[in-house]
2 protein chains.
Amino acid sequence: MERIPILKMGPFLLVSIQVDMHDRLALTLQDDLTSRIVSDHARGVLIDISALEVVDSFIGRMLGNIAAMSRILDAETVVVGMRPAVAITLVELGMSLSGVRTALNVERAMDMLQAAVATSVAAPGSEPVNGHSTD
Amino acid sequence: MERIPILKMGPFLLVSIQVDMHDRLALTLQDDLTSRIVSDHARGVLIDISALEVVDSFIGRMLGNIAAMSRILDAETVVVGMRPAVAITLVELGMSLSGVRTALNVERAMDMLQAAVATSVAAPGSEPVNGHSTD
């Protein structure tokens with residue numbers, strides 16, 4: 001069980017973290033997730049951490065990294081189900097999880113992602129329509 | 001982490017089993033799941049076992065139990081992401097998982113459940129319309 005399963009839900013990918021993360025598992029998850037974003041043309045990533053009673057700086061950084069990688073691949077990341085104690089710990093650790101969006105549950109996260117996708121489709125600012133930025 | 005998270009996805013509940021199941025964890029999952037089916041008015045349960053490399057008779061029985069309990073509570077159960085080796089083992093163990101529906105991935109399972117819900121709404125045979133069966 002040295003892999004965290006990634007479930008495809010329409011245009012989004014869902015990851016439920018239930019086990020203690022160590023270096024290698026985190027790296028495997030990042031690799032798997034970025035590959036799946038590309039292969040499945042995913043527009044969003046939902047990371048459920050409701051099973052985690054403790055989130056240390058390592059996991060905090062991993063979440064930030066995943067969000068940053070996903071953003072480069074044009075997928076939004078939403079962290080779901082954070083426990084109150086975890087939020088307290090993260091702030092006390094000085095980690096504000098900047099760049100990571102959070103939602104109370106999976107349904108709200110899906111709504112959030114669907115709205116984000118709809119907006120990016122309506123306003124094609126995310127596509128390099130004019131080449132000024134790459135000249 | 002002595003609880004497996006249950007995620008609500010519309011009218012369905014999603015459980016991703018990633019850790020070794022022992023007696024107590026299985027009982028907790030059954031309790032949590034049946035409570036959530038009732039409290040969330042869930043119409044279906046998706047159990048993702050793609051992370052499990054080995055499914056023994058204990059887990060096989062647990063899946064059967066969950067499906068039977070859910071059915072009594074008017075919710076369908078679909079087991080998702082079974083590995084080929086697991087299917088071989090289950091048959092060799094003499095467990096055909098009768099009463100448990102399976103699907104290749106979460107999306108297919110969702111389609112299956114949505115179709116099942118639509119059918120049961122169209123044909124209200126599942127409701128005790130006439131009292132002959134309880135006389």
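The values are calculated or read from the model by the stated rules, or taken from the named source; none is laboratory data. Please read all numbers here as calculations on a predicted model, not as lab measurements. Cβ sites come from the backbone with ideal geometry, for glycine too, and all protein chains shown count toward neighbours.
For the reader, a short list of remarks on this structure follows.
- Residue in segment B:43-50 that is among the hydroxyl-bearing types (Ser, Thr, Tyr) and either crowded, with 16+ Cβ neighbours inside 10 Å or more than 24 Å from B:LEU90 (Cβ to Cβ) (or both) present: yes
- Scanning segment B:6-17 for residues that are within 7 Å of another protein chain (Cβ to nearest Cβ) and crowded, with 21+ Cβ neighbours inside 10 Å yields a count of 2.
- Boolean, A:ILE66 is under 22 Å from A:THR28 (Cβ atoms), without any contact (Cβ under 8 Å) to a residue 12 or more places away in the chain and of a type outside the set (Asp, Glu): no
- Failed criterion for B:ARG24 (all others in (1) of a type in the set (D, E, K, R); (2) in a loop (DSSP other than H, G, I, E, B); (3) more than 25 Å from A:LEU104 (Cα to Cα) hold): (2)
- Of all residues making up segment A:32-58, the number that are part of a loop (DSSP other than H, G, I, E, B) and not hydroxyl-bearing (Ser, Thr, Tyr): 11
- When segment A:46-60 is filtered for residues that are under 15 Å from A:SER98 (Cα atoms) and within 12 Å of the chain's Cα centre (by Cα), only A:GLY60 remains.
- Here the condition is being closer than 30 Å to B:VAL55 by Cα and touching a residue at least 40 places away in the same chain (Cβ under 8 Å); of A:LEU14, A:LEU7, it holds for A:LEU14 alone.
- Note on segment A:9-27: residues that are under 15 Å from the mean Cα position of the chain (by Cα), closer than 20 Å to A:ASP40 by Cα and of a type outside the set (S, T, N, Q) total 7.
- Scanning segment B:74-117 for residues being hydroxyl-bearing (Ser, Thr, Tyr) and either within 13 Å of chain A (Cβ to nearest Cβ) or part of a loop (DSSP other than H, G, I, E, B) (or both) gives a total of 2.
- Filtered residue count, segment B:18-59, keeping only those that are at the interface with chain A (Cβ under 8 Å from one of its Cβ atoms) and at pLDDT 95 or above: 1
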